[in-house]
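K.L.:
Sharing a structure, written as structure tokens. Questions coming.
The values are calculated or read from the model by the stated rules, or taken from the named source; none is laboratory data. For clarity, every value in this text was computed on a predicted model and none was experimentally measured. Virtual Cβ from ideal backbone geometry, glycine too; neighbours counted across all protein chains shown. Please note that ligands, DNA and RNA were not included when accessible areas were found on the heavy atoms of the full protein model with its side chains. Shrake-Rupley method; radii C 1.70, N 1.55, O 1.52, S 1.80 Å.
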Amino acid sequence: MTVYKAGRSCRLTDDLYLKAKYIADMEKRSFNNWLEHLITTVVDEYEKEHGTILVQPDDFYE
């Protein structure tokens, strides 16, 4: 099954982007994949401590 991933944007300083891109390259990941992995890890840790965050993804497309 194909998972739809909408394009998102964020603003980063050049220095921060280049450092993050360096880490992604060292981990043999694309910047986007590295960032998604990082955010997933942070959300998982948060939910372990505070409980599941309830969201309605369909709200984006109404």
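K.L.:
In segment 32-60, which residues are open to solvent by 100 Å² or more (accessible area, probe 1.4 Å), more than 14 Å from Arg8 (Cα to Cα) and not in a loop (DSSP other than H, G, I, E, B)?
P.N.:
Within segment 32-60, Glu45, Tyr46, Lys48, Glu49, His50, Asp58 qualify.
K.L.:
Out of (1) in a helix (DSSP H, G or I); (2) modelled with pLDDT of 95 or more, what's the single condition that is false for Arg29?
P.N.:
Evaluating Arg29 over (1) in a helix (DSSP H, G or I); (2) modelled with pLDDT of 95 or more leaves (1) as the failure.
K.L.:
So, Lys21, is that one loosely packed, with under 10 Cβ neighbours inside 10 Å and among the basic types (Lys, Arg) or not? Lay out the reasoning, then the answer.
P.N.:
Values: loosely packed, with under 10 Cβ neighbours inside 10 Å: no; among the basic types (Lys, Arg): yes.
The answer is no for Lys21.
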